[in-house]
1. Residues that are buried (at least 23 other Cβ atoms within 10 Å of the Cβ) and either within 14 Å of Pro125 (Cβ to Cβ) or basic (Lys, Arg) (or both): does the range 190-202 have at least one?
2. Give the residue that is nearest to Gly100 (Cα to Cα), with candidates limited to residues of the range 25-72 that are of a type in the set (Val, Ile, Thr) and buried (at least 16 other Cβ atoms within 10 Å of the Cβ).
3. Within the range 434-485, which residues are touching a strand residue (DSSP E or B) at 6+ places or on another chain (Cβ under 9 Å) and of a type in the set (Asp, Glu)?
4. If I filter the range 245-274 down to residues being among the hydroxyl-bearing types (Ser, Thr, Tyr) and not in a strand (DSSP E or B), which single residue comes out as farthest from Gly314 (Cα to Cα)?
5. In the range 418-443, which residue that is surrounded by 24 or more Cβ atoms within 10 Å (Cβ to Cβ), among the polar types (S, T, N, Q) and farther than 17 Å from Ile377 by Cβ is farthest from the chain's Cα centre (by Cα)?
6. Would you mind finding the one in Ile111, Ile148, Ile138 that is part of a helix (DSSP H, G or I) and in contact (Cβ under 8 Å) with a residue 24 or more places away in the chain?
7. Please go through the range 57-79 and pick out each residue that is touching a residue at least 24 places away in the same chain (Cβ under 8 Å) and in a helix (DSSP H, G or I).
8. Could you check, for the range 18-34, whether at least one of its residues is under 25 Å from Ser189 (Cβ atoms) and part of a loop (DSSP other than H, G, I, E, B)?
Amino acid sequence: MQKLPSDLPLRTDDEAMAQVAELVQRARHAQQAIDHYTQQQADDLAVACGWAIMEPDRNRKLAELAVHDTGLGNVQDKITKNHRKTLGLLRDLQRARTVGVVSESPELGLIEFARPVGVVAAITPSTNPGATPANKIINALKCRNAVIVAPSPKGVSTCRMLLGYIHDELERTGMDRDLAEGLVQMLPSPVSKALTHALMMQADLVVATGSQANVRAAYLSGTPAFGVGAGNVASIVDATADLKAAAERIMLSKTFDNATSCSSENSVIVDESVVDQFAAEFARLGGVLLDAEEKTALQATMWPEGKLSAAVTGKSAGVIASTAGLQRPELTQAKALLVEEDGFGPDHPFSGEKLSPVLTLYRSRDRAHAVQIVASIYAYQGAGHSVSLHIDPAQADAPSRHLAEALPVARVIVNQPHTVATGGSFENGLPFSLSMGCGTWGGNNFSSNMDYRQYLNTTRVVFPIAGSEPTEEQIFGSFFDRFGR
């Protein structure tokens, strides 16, 4: 059923609406068939979908196809991402209650029951055409929902292969093949905006990861939606930091999967007292600092018409340097390219997200100046996402708390590789996810890592309890004492 007046800026048509209506109807029948599932049965669905992508041979095939078809990232890192993100998600879900009673509070007279949301529209990006659909499918089925994936056009073949593996694994649990194929579907090829927008409009819930255009469309669809904000992570290197460790963490994070993650650092703000030492440590790891002429050439290549070029997105540093015509011999072997900047905004495009192993270096006078620089970067792009801090652990508490109160960020990552840490890690307490909410700063309605809780409705049984009505004195007494009646 169409939920929006036709004058809203969603691109769909009658044919797309009809095609999607058939998918949604099939998904609704499939969801109803598992609505009565026990927790163990729901857990089995989630684990089956996890093994569909984690089984080593299938994982490699998915990673190779993803790189081949999208031209983004590299195979080994996608294998690692498919494995770690899925394993971590399954660990998080292992003890999660998503069926029946999930909470009882006798003192409040409340019992909470977990309920499915219905049919989930999973909008997924070309940067993670295997890992992100798998993550959303696992969360959806853990909560007894059906799911229809809208892959990016470049990610269609990877998504199709993944769904085939998922259907095989669901069938292995004893599920009828037709039910499995109705429970987990994808849009037909060729995937278009018309089909994607029609799916957003007809599903019960939209979970959108990828371009901000898709996120905005999800919010406009008339369907309840969770979307994520733009990346453009900044990392602060304090004067007290272990510079060798900081450089290693940042290099690992910046180069992982050729910086296709929204959690990849795009700027590093280094205290000027240690900037030369940091640059030397970064160079030791393969980070090459460009001179002014090389920076100009790189900028012209990366933003030929003011928009980030697909020719550099998700490519290696050596390929980008060659594309830009940079001739220095060490650039062919570079792992990352480093450019120095002191401005912000559209006239300084290196201050924005680059989706490539190109890192922008800012010099800060002190901690307060570093915060000002990050605030200026996020005023241009990336507000709400995250910031990372590399600092002496003995001095980390107060500065990290200050960042949490002073900057428009949902996460402050301390002394960790940002790409690894912000979406959940075995070494921190964040839930594993490939979709990071950025709060109202980033135009989102949540500021946590997206997890299974976003895929549930909650029904509450409410019993009467002893009354607890306060007196006016208890509420207003202190206020009146200080300000008068």
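The values are calculated or read from the model by the stated rules, or taken from the named source; none is laboratory data. From a predicted model like this one, the values you see are computed outputs, not experimental measurements. Quick reminder, even Gly has a Cβ in these numbers, built from the backbone with ideal geometry, and neighbours come from all protein chains shown.
1. yes
2. Looking only at the range 25-72, we keep the residues that are of a type in the set (Val, Ile, Thr), and these are 34, 38, 47, 53, 67, 70.
From what's left, buried (at least 16 other Cβ atoms within 10 Å of the Cβ): 34, 47, 53, 67, 70.
On the way: Ile34: 13, Val47: 19, Ile53: 28, Val67: 41, Thr70: 41 Å.
The extreme case among them is Ile34.
3. Across the range 434-485, there are no qualifying residues.
4. Filtering the range 245-274 for residues among the hydroxyl-bearing types (Ser, Thr, Tyr) gives 253, 255, 260-261, 263-264, 267, 273.
From what's left, not in a strand (DSSP E or B): 253, 255, 260-261, 263-264, 273.
Values: Ser253: 14, Thr255: 10, Thr260: 5, Ser261: 9, Ser263: 13, Ser264: 11, Ser273: 33 Å.
Here the answer is Ser273.
5. Going residue by residue through the range 418-443, those that are surrounded by 24 or more Cβ atoms within 10 Å (Cβ to Cβ) are 418-419, 422-423, 433-436, 438, 442.
Checking the rest, the ones that are also among the polar types (S, T, N, Q) come to 419, 422, 433, 435.
Narrowing further to those that are farther than 17 Å from Ile377 by Cβ: 419, 433, 435.
Values: Thr419: 10, Ser433: 7, Ser435: 3 Å.
Top of the filtered list is Thr419.
6. Working: Ile111 fails: part of a helix (DSSP H, G or I); Ile148 fails: part of a helix (DSSP H, G or I).
Step by step, each of Ile111, Ile148, Ile138 is checked, and only Ile138 is part of a helix (DSSP H, G or I) and in contact (Cβ under 8 Å) with a residue 24 or more places away in the chain.
7. Looking only at the range 57-79, we keep the residues that are touching a residue at least 24 places away in the same chain (Cβ under 8 Å), and these are 58-59, 61-63, 65-66, 69-74, 77-78.
Matches in the range 57-79: Arg58, Asn59, Lys61, Leu62, Ala63, Leu65, Ala66, Asp69, Thr70, Asp77, Lys78.
8. Here is the first cut: in the range 18-34, the ones under 25 Å from Ser189 (Cβ atoms) are 18-31.
Going one step further and asking which of them are part of a loop (DSSP other than H, G, I, E, B), we end up with none.
No, the range 18-34 has no match at all.
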